[in-house]
There are 2 protein chains.
Amino acid sequence: MKLNFFDSYKGLQKVCRSGDYKSITNIHLLEKTFKDSLDYLINQNKENLLSTITGKTYFAFKKKNKLSRPINTRLYIPETQEIKNMFEVLKSSTPKNVKDYFNTLEPDKITSLVYTIAISFCCATDLVKDGDQKTPGTFFEYFIGSIFAKLLNINPSHRIKVLSLDEDDVTLPTDFIFDLGKNKPKYHVPVKISTRERSIQVWAHQRILNGVHGTGRFLGIPVIMTETKLSKDKKEVTEICTPSQWQIYQMHIAQLKRIYYLDIPEVYNNLNTVFPPIPVNQFGYFFFEVDSFEN
Amino acid sequence: MKLNFFDSYKGLQKVCRSGDYKSITNIHLLEKTFKDSLDYLINQNKENLLSTITGKTYFAFKKKNKLSRPINTRLYIPETQEIKNMFEVLKSSTPKNVKDYFNTLEPDKITSLVYTIAISFCCATDLVKDGDQKTPGTFFEYFIGSIFAKLLNINPSHRIKVLSLDEDDVTLPTDFIFDLGKNKPKYHVPVKISTRERSIQVWAHQRILNGVHGTGRFLGIPVIMTETKLSKDKKEVTEICTPSQWQIYQMHIAQLKRIYYLDIPEVYNNLNTVFPPIPVNQFGYFFFEVDSFEN
């Protein structure tokens, strides 16, 4: 069987590897990858999952004995008109108009639209590949990277210069860096499907940026999809969260500016209300908050 | 087929989970797990691998179309008498006698003995399990943890207290902590089969220990087996090393006291000779250096 969504993904990969995240071609390929994923998923079965997470229900796509990752029922809204509008805006508008458009939507709605696009490709991949974590993760990076690039009107880089007294041209591989130029913020944007026990890496990279370039120069704003875990035999969804460790990281390693989630865990959201707070939010709020980061 | 080495491992796991790493029972089970692994491997085929690493050759055990991880030909010395002596000493001697015994051996020889024991179980597991990385990693932790526990005469813990102004009893899960008590060092010992791109975690955890308890209170000495990677289709062994990143971590995140390897990569060994140096050494030297850490 021909897997169109995978062909579209390969086209997307080619453009993103060239670095041109904000190009119209790239947004077009993102849209095509999403549509093809949806066309594939529409023919698959669905199965409701058990959820141990208060207030959230999940289902999965199913093909023979393969189960996709869990999908948050409330967040998943594959009606194509709103998503189509969103892609139209991303393709045709200036960065200012892109932000204005998103500002006409509710943050909850934006989060849902982005979640739906991101997870559709991941689920389609789950059903055709065995244990492939890398492809969904890379797609999610491309997608979030493109939104940032379009909105900030700058393509990201993946390396930063490190001042070295003894050697020229020492660089460090990083997650996305969006450098808005002189007297403007530089964004450090790790994009992860989930962090689990690896979340400490995000703070450690921020620490290096602070150490090398000075605290406050790079604003760390990771974008994470979810912290769900599916037990395949029990068909049960849990969330893996370590809030007290996050507090220790934020106090003792480095300070992140915001942590954005598509499927936000309640225990992390609650970190906003303790002292010292950690600013965790739904990704939809990014479009409303981004201007305030510059001050 | 009955897999004795796996039954022995399960016994070992039971004792280590109880926390009694330095018990005679534990050392006995380590020895049995090693012997049973060797008995299993002796009936398997061997295949020489291509090596891109200067000065090192590798082979793998083979069973039907399954290949074990690569084994450093020079380091692998399964003649059992020397290893038998080593286990006898670990079982029967006081910590001081254990150190005296190791000090009669060459550091190279100690490294080889420890490497042989560690990798035999890993290879046996590779041939019977599919993609199981966890079991070999846990075995390696148990083994290195037991050597430290025996030599330092103290069992490790896996959590440390974190001072919190608002809450009692906040603890942080850690790698091995060996607390020698008042006016003595506390060792922070991450044990890893390999670090690859995850090495930053070791420095980040050290950073937290420094932040919470003060710099110099915990001496970070990770013990790592190897950085080899086997390309299964080309049957070729490479080493994945990031020395310039290590220098950045050591300068900007935290300072590790020693980094010990069983199969030491030359590029990391060379970090001793640049400034600022990073102290990387063969594990065999630990038994000669440990006393100097207390000063």
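The values are calculated or read from the model by the stated rules, or taken from the named source; none is laboratory data. The structure displayed is predicted, hence computed values, not measured ones. Quick reminder, even Gly has a Cβ in these numbers, built from the backbone with ideal geometry, and neighbours come from all protein chains shown.
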Worksheet item: If you go through segment A:83-111 one residue at a time, how many are surrounded by 14 or more Cβ atoms within 10 Å (Cβ to Cβ) and either touching a Pro at 6+ places or on another chain (Cβ under 6 Å) or not basic (Lys, Arg) (or both)?
Response: 14
Discussion item. Please go through (1) facing chain B (nearest Cβ under 10 Å); (2) touching a helix residue (DSSP H, G or I) at 6+ places or on another chain (Cβ under 6 Å) for A:His205 and return the number of the only condition it doesn't satisfy.
Written reply: (2)
Fill in: Single residue of B:Thr138, B:Thr116 found to be in a helix (DSSP H, G or I), modelled with pLDDT of 95 or more and surrounded by fewer than 22 Cβ atoms within 10 Å (Cβ to Cβ)
B:Thr138
Item to complete: Could you pull out the residue among A:Glu239, A:Glu227 that is surrounded by 21 or more Cβ atoms within 10 Å (Cβ to Cβ) and either touching a residue at least 60 places away in the same chain (Cβ under 8 Å) or charged (D, E, K, R) (or both)?
Response: A:Glu227
Fill in: Residue that is farthest from the other protein chains (Cβ to nearest Cβ), among those in segment B:242-259 that are within 20 Å of the chain's Cα centre (by Cα) and buried (at least 19 other Cβ atoms within 10 Å of the Cβ)
B:Arg258
Practice prompt. Taking B:Gly145 as the residue in question, decide whether it is within 14 Å of another protein chain (Cβ to nearest Cβ) and in a helix (DSSP H, G or I).
Written response: no
Worksheet, complete the sentence: Across (1) without any contact (Cβ under 8 Å) to a residue 60 or more places away in the chain; (2) more than 24 Å from A:Phe293 (Cβ to Cβ), A:Ile119 clears everything bar (1)
Worksheet item: Hey, any hits in segment A:46-58 for a residue that's within 26 Å of A:Asn155 (Cα to Cα) and touching a strand residue (DSSP E or B) at 6+ places or on another chain (Cβ under 9 Å)?
Response: no
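Each row is one residue, and each column tells you yes or no for (1) farther than 22 Å from A:Thr215 by Cβ; (2) at pLDDT below 95.
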| site | (1), (2) |
| --- | --- |
| A:Asp233 | yes, yes |
| A:Thr238 | yes, no |
| A:Thr242 | yes, yes |
| A:Gln245 | no, yes |
| A:Tyr249 | no, yes |
| A:Leu262 | yes, no |
| A:Pro265 | yes, no |
| A:Pro277 | no, yes |
| A:Gly284 | yes, no |
Worksheet item: Would it be correct to say that B:Pro156 is surrounded by 22 or more Cβ atoms within 10 Å (Cβ to Cβ) and in contact (Cβ under 8 Å) with a residue 60 or more places away in the chain?
Response: yes
Worksheet entry | One residue from B:Gly211, B:Gly131 being within 14 Å of chain A (Cβ to nearest Cβ) and assigned to a loop (DSSP other than H, G, I, E, B) | B:Gly131
Worksheet item: Given the conditions (1) buried (at least 19 other Cβ atoms within 10 Å of the Cβ); (2) closer than 28 Å to B:Phe6 by Cα; (3) of a type in the set (Ser, Thr, Tyr); (4) away from chain A (no Cβ under 14 Å), which single one is not true for B:Thr195?
Response: (4)
Worksheet item: Could we say that B:Ile160 is modelled with pLDDT of 95 or more and either away from chain A (no Cβ under 14 Å) or outside any helix (DSSP H, G or I) (or both) here?
Response: no
Worksheet entry | Qualifying residue in segment B:164-187 (condition: assigned to a helix (DSSP H, G or I), more than 14 Å from chain A (Cβ to nearest Cβ), under 20 Å from B:His213 (Cβ atoms) and modelled with pLDDT of 95 or more) | no
Discussion item. Testing B:Ile259 on (1) free of Cβ contacts under 8 Å to residues at least 12 places away in the same chain; (2) closer than 30 Å to A:Ile248 by Cα, one condition comes back false. Which one is that?
Written reply: (1)
Practice prompt. Taking only segment A:16-52 into account, find how many residues are surrounded by fewer than 18 Cβ atoms within 10 Å (Cβ to Cβ) and within 26 Å of A:Pro265 (Cβ to Cβ).
Written response: 5
Worksheet item: If a residue has to be over 20 Å from B:Asp132 (Cβ atoms) and in contact with a strand residue (DSSP E or B) (Cβ under 8 Å, 6 or more places away or on another chain) to count, how many in segment B:23-45 make the cut?
Response: 1
Discussion item. Based on this model, can you work out whether A:Leu172 counts as within 24 Å of A:Ile253 (Cβ to Cβ), surrounded by 15 or more Cβ atoms within 10 Å (Cβ to Cβ) and either polar (S, T, N, Q) or in contact with a helix residue (DSSP H, G or I) (Cβ under 9 Å, 6 or more places away or on another chain) (or both)?
Written reply: yes
